[in-house]
Every structure is written in structure tokens, then in C-alpha cells.
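Everything below concerns the one structure shown next.
The values are calculated or read from the model by the stated rules, or taken from the named source; none is laboratory data. Just so you know, these numbers come straight off a predicted model, no measurement behind them. A quick note on method: Cβ atoms are made from the backbone with ideal geometry, for glycine too, and the neighbour counts reach across all protein chains shown.
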Amino acid sequence: MQQFMTFYRSSVGKKILMAVTGIFMFLFVFVHMVGNLQIYIGSEALNRYSHFLHSVPEILWFVRVFILFSLIVHVWAAFLVWLKSYRAKPVKYRVKVDIATNYASRTMIWTGPIVLAFVIFHLLDLTYGQRVASVVYSESDVYHNIIAGFQYWPLALTYILANLLLGFHLYHGLWSLFQTLGLEHPLWNKSRKTLAVTFAVIVAGCNISIPASIWAGLVH
């Protein structure tokens, strides 16, 4: 335990913890995206998928708690790394040139907590029916809940903005993950960046397409 705490207190230890929890979340958002895309097949397919997930509540709750715990640990470790870096240079640079950073990396400390807050909001809204709009919630008709929920434009807009932030977070997170785990090499750095961009665009784009399609009348 003492060795683990010593490892955890180091910046490297926190970054590895972020990488490991990040892997779990990458898998989760991808599987979640694939499941949600069944809305394009129809209400029967999506509701059948939802019924399958809820047929074994013990496993479903284990996954929920595990992912939420991983996300909290991920955000907390990221905050501690940022705080240590911030304290190391309490006086701001007079001229700041971001050579090795980009918008996604500079906003990681903010997009993480925002995405965490949205996940909690999303669960309350679509899973437990705590609606921000006057929508009749159905426990057995997930298709109806999604359609009705995203027809309320503030909810749809919030979902779109959150997924844009998620895309930025996924891009930099996946790029950094390989570096943290020692999988960085000039020969495949370009491919690593392509993979990070592709994954982020696919997840964010597919998620955003759902409320966009509902508003366009393609899904109803």
C-alpha cells in the first residue's frame, strides 16, 4: 500500500492512472454510441437493446458504478496533475507561446468535469426520467424518451455542446494515452494522431447526429 501511495503521489503515477481509467471510458463511450445508433433501425430495435441491458440489473449497475467511479478518479487525477503544474509556475509568463499544445490539450482540465456533469445529467434525464421539460417518461419505451427529450431544444443543444467537448477530450486523451504508456515513436506518431482524430470525430459526430436527425425530421 505504501508503494502504491508513493507511486500515486508522483505525476507519472497520476498520469498512468488517468490512462488506465481513460481506456475504460474509451470503450464505454464507443459501446454506448453503437447502442444509441440503433435508433436509426427503429423503436423495436432500440427498445429491445434497452430491455436486454436492463434484464440483468446487477451487471448493469456494476458497469454504471464502475464507469462513474473511473470517471471521477480520472477527473481528480487530472486536476491534481494540473494543480501541481500550476503551482510550479505561480507567475504567469509575460509572453506565452503554445508550441506543443493545442486547444484540446489546454482545455482538458475544463472539458473533463463538464463531461462528468453531463453524464450525471444524462443518466438522470434519460434513465430515471427526471425531465427538465414537460415530457411524459416511459420506462419501457426508450425510443420515445429520446425522441421526446431531444425535441426540447435546450436539452438537444446541451447534448450537442457536451459531445463537442467530449470530442476534444477524446482526441487529446487518446493521443496522450499512448504517450503515457510509452507507446510513442516518430514512426507511428502520425498514425497515432490520425487514430485519435478519427475516434473523436466518429463518437462525437454519431452522437450529435441523433438530436440533429430528430430536429430534421429524419427520425420521429
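Residues that are under 9 Å from THR21 (Cβ atoms) and small (Gly, Ala, Ser) were ranked within the stretch 66-85; the one that is surrounded by the most Cβ atoms within 10 Å (Cβ to Cβ) is ALA77. Taking the stretch 26-54 as the range and being touching a residue at least 60 places away in the same chain (Cβ under 8 Å), within 20 Å of GLY173 (Cα to Cα) and not β-branched (Val, Ile, Thr) as the test, the residues that pass are PHE26, PHE30, MET33.
Candidates ILE72, ILE59, ILE39: the one that is touching a helix residue (DSSP H, G or I) at 6+ places or on another chain (Cβ under 6 Å) and hydrophobic (A, V, I, L, M, F, W, C) is ILE39.
Taking the condition buried (at least 18 other Cβ atoms within 10 Å of the Cβ), over 18 Å from VAL31 (Cα atoms) and at pLDDT 85 or above, does ILE214 pass?
Numbers: buried (at least 18 other Cβ atoms within 10 Å of the Cβ): yes; over 18 Å from VAL31 (Cα atoms): yes; at pLDDT 85 or above: yes.
Criteria met by ILE214.
Based on what the data block shows, is ALA45 closer than 17 Å to ILE146 by Cα and out of contact with any Pro (no Cβ under 8 Å at 6 or more places or on another chain)?
On the way: closer than 17 Å to ILE146 by Cα: yes; out of contact with any Pro (no Cβ under 8 Å at 6 or more places or on another chain): yes.
It is true that ALA45 is closer than 17 Å to ILE146 by Cα and out of contact with any Pro (no Cβ under 8 Å at 6 or more places or on another chain).
Scanning the stretch 161-182 for residues that are of a type in the set (A, V, I, L, M, F, W, C) and surrounded by fewer than 17 Cβ atoms within 10 Å (Cβ to Cβ), which turns out farthest from ARG192 (Cα to Cα)? Out of the qualifying residues, it is LEU161. Name every residue in the stretch 1-45 that is farther than 20 Å from PHE66 by Cβ, modelled with pLDDT of 90 or more and in a helix (DSSP H, G or I), in order of residue number. Matches in the stretch 1-45: LEU37, GLN38, ILE39, TYR40, SER43, GLU44, ALA45.
The condition of being in contact with a Phe, Trp or Tyr (Cβ under 6 Å, 6 or more places away or on another chain), assigned to a helix (DSSP H, G or I), of a type outside the set (Lys, Arg) and at pLDDT 80 or above does not hold for ALA104.
Any chance you could count how many residues in the stretch 54-69 are part of a helix (DSSP H, G or I) and more than 18 Å from VAL119 (Cα to Cα)? Quick ask: steps written out before the conclusion?
So the first thing to find is which residues in the stretch 54-69 are part of a helix (DSSP H, G or I), and the list is 54, 57-69.
Checking which are more than 18 Å from VAL119 (Cα to Cα) leaves us with 54, 57-59.
The qualifying residues number 4.
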